[in-house]
């Protein structure tokens with residue numbers, strides 16, 4: 001099995017920053033508790049507080065697929081509809 005790293009950049013709409021922050025914290029806590037989650041960190045941009053970056057590491061693609069279907073992840077996706085300006089997800093494999 002090969003580790004998978006995700007760097008996801010999320011820009012939220014200003015009107016939703018407070019409610020989304022609570023949802024982001026719940027997502028991080030629930031994801032960190034999942035089997036095969038090696039890292040799940042959330043960062044906020046110093047220049048633009050509406051930009052958040054997730055840095056995640058998963059034990060394998062199979063584990064990541066399970067995470068993507070988890071109730072807390074699906075619920076987060078539904079909650080964020082209409083509240084996000086943009087989302088970029090990069091799946092990566094460590095090479096060095």
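Every read-out reported here was derived from the displayed coordinates using simple, explicitly stated rules and does not represent laboratory data. None of the values given here were measured: they were computed from a predicted structure. A quick note on method: Cβ atoms are made from the backbone with ideal geometry, for glycine too, and the neighbour counts reach across all protein chains shown.
For residue 94 paired with residue 11, estimate the spin-label separation in nm (one decimal), with each label point 7 Å from Cα along the Cα-to-Cβ line.
Here the modelled spin labels are 3.1 nm apart.
For residue 59 and residue 21, calculate 0.36 nm times their separation in residues minus their Cα-Cα distance, and state this gained length in nm to one decimal.
11.0 nm
Pairs of Cα atoms under 8 Å, at least six residues apart: use those to get the relative contact order of the range 4-92, whole percent.
48
For the chain, what is the calculated [θ] at 222 nm in deg cm²/dmol (nearest 500), taking -39500 (n - 2.57) for each run of four or more DSSP H residues and dividing by its residue count?
On the way: 3 runs with 34 residues, N = 96.
Mean residue ellipticity at 222 nm (helix-derived): -11000 deg cm²/dmol.
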